[in-house]
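> The following block contains the structure, expressed as structure tokens.
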Amino acid sequence: MKLESAAFAASNLIPARYTCDGEDLSPPLNWDDPPEGTRSLALICDDPDAPRGTFVHWVFYNLPADLRQMPEGVPAQPQPPVGGIQGKNDFGRLGYGGPCPPSGTHRYFFKLYALDQTLNLAQGATKAELLQAMNGHILISAELMGRYARQR
């Protein structure tokens, strides 16, 4: 399974539109077919370069198994029109919170997981809760990394 974005190529800069310096929209994402037996998808975006440890920007789970793309600008709703349930990011909000590094260039990892079941998690689950629920149920994963540094 390969994860890509029409907004930026792997390892390249994430456009400001998708950050706190722009419109803070979630970027468009698309991926290949997951393996047979996939019952749901989950998505995590985080920044391992944050000063106090990994900072979580997006937690999304129970996405439909037949979904192959995430549109730009998914609304910050518990259950957006695209399907699935959004969790809580480290900004303390549901949905996507874009890159906003305090200094330097940070890496942002979008990780997509194909799961063999839907998860019994309420809206607003954290990355840690999602990882625990996914344990033993990941069929395959894909990753897309982009970079961002604020222009001062």
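> Compute the relative contact order of the range 1-150 as a whole-number percentage, counting only Cα pairs closer than 8 Å that sit 6 or more residues apart in sequence.
Details: 381 pairs, mean separation 45.0, N = 150.
Dividing the mean separation by the residue count of the range 1-150 yields 30 percent.
> Could you state the orientation-averaged shadow area of the convex hull built on the Cα atoms of the chain, in nm² to one decimal? Don't skip to the end; give the middle numbers.
Numbers: hull surface 32.1 nm².
Mean shadow area of the hull around the Cα atoms is 8.0 nm².
> I'd like to know which of ALA128, GLN117, PHE55 lies farthest towards the positive end of the charge dipole of the range 14-152, counting +1 on Cβ of Lys and Arg and -1 on Cβ of Asp and Glu.
Toward the positive end, the furthest listed residue is PHE55.
> Which whole-percent values make up P(r) of the range 79-152 when all C-alpha to C-alpha distances are grouped in 5 Å steps starting at zero?
3, 13, 19, 24, 20, 12, 7, 3, 1
> From the protein chains alone at 1.4 Å, what is the descending order of accessible area for VAL82, VAL56, largest first? Please report the intermediate quantities before stating the final value.
Details: VAL82 30, VAL56 10 Å².
Heavy-atom accessible area, descending, gives VAL82, VAL56.
> With r as the distance between the Cβ atoms of ARG107 and ASP33 and R0 = 41 Å, compute the FRET efficiency 1/(1 + (r/R0)^6) and round to 0.05. Intermediate results must be reported in sequence, preceding the final value.
Working: r = 27 Å, r/R0 = 0.66.
The value I calculate is 0.90.
> Considering only the other residues whose Cβ falls under 12 Å of the Cβ of VAL59, what net charge follows from Lys and Arg at +1 and Asp and Glu at -1?
Values: positive: LYS88, ARG93, LYS111, LYS127; negative: ASP46, ASP90, GLU129.
Here the charged neighbours net out to +1.
> Provide the gained length on full extension for the span GLU72 to MET145, in nm with one decimal, where the gain is 0.36 nm per separating residue minus the Cα-Cα distance. Provide the component values of the computation, followed by the final result.
Details: separation 73, 0.36 × 73 = 26.28 nm, distance 1.68 nm.
Between GLU72 and MET145, full extension yields an extra 24.6 nm.
> Something else: Using just the helices of the chain, give the 222 nm mean residue ellipticity in deg cm²/dmol: DSSP H runs with n ≥ 4 each add -39,500 (n - 2.57), and the total is spread over all residues, rounded to 500. Could you put the intermediate results ahead of the total?
Working: 1 runs with 8 residues, N = 152.
It comes out at -1500 deg cm²/dmol, rounded to the nearest 500.
> May I pose another question? Below 8 Å, C-alpha to C-alpha, sequence gap of six or more: please give me the relative contact order for the range 50-112 in percent. Before the final figure, lay out each step's value.
Values: 75 pairs, mean separation 22.1, N = 63.
Here the relative contact order equals 35 percent.
The values are calculated or read from the model by the stated rules, or taken from the named source; none is laboratory data. Owing to the predicted nature of the structure, the values given are computational and were not obtained by experimental measurement. Reconstructed Cβ throughout: ideal geometry from the backbone, glycine too, with neighbour counts over all protein chains shown. Side chains are part of the model used for accessible areas, which takes the heavy atoms of the whole protein and leaves out ligands, DNA and RNA. Shrake-Rupley method; radii C 1.70, N 1.55, O 1.52, S 1.80 Å.
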